[in-house]
């Protein structure tokens, strides 16, 4: 019972911070709400027994992606006034309709999972989870080492390029 209460509390906080991300007027506040959202998602992963995913969530998303967002926020001129005109191509009704259809799909999927719960074979044992993490590590640092290093070098070059472009305007 306590796990269910914790799960629903975390899910409610995740939804609340997601709404705050898109409704915040200040861009920096929006990014901070996004960090809190990512941290609550990591807490949800810990509750579900996926500690590896929780660590990856914190390191990659709450660490790396948010820093990238902050670079973009600081490089963009935030002193501009908001646009006075509305885009005639914007389709608000279509967006709301698509959002409602996606919400209905999520509810149907949830009800289907509630009516037909997964069997005992679907639950992974801790030994298998440890084996999977070990396999991911071995594959990443042996078979895929060169693509991993190339991706890190590409991100480093992009970060240096963003700093050079920002420094030129200062």
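The table for this structure:
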item	result
108, 55 arranged by Cβ crowding within 10 Å, fewest neighbours leading	108, 55
Added length on full extension, which subtracts the Cα-Cα distance from 0.36 nm per residue, residue 159 to residue 6	51.2 nm
Order of 154, 44 - criterion: other Cβ atoms within 10 Å of each residue's Cβ, fewest first	154, 44
Rg/Rh ratio calculated on Cα atoms of the stretch 1-77 (Kirkwood radius)	1.05
Extended-chain gain in nm, criterion 0.36 nm per residue less alpha-carbon gap, residue 60 and residue 47	2.8 nm
Inter-label distance for residue 152 and residue 102, nm, one decimal - labels placed 7 Å from Cα along Cα-to-Cβ	3.4 nm
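Throughout, read-outs are computed from the coordinates displayed, never taken from laboratory work. This is a predicted model, so every value here is computed, not measured. So basically every Cβ, Gly included, is an ideal-geometry build from the backbone, and we count neighbours across all protein chains shown.
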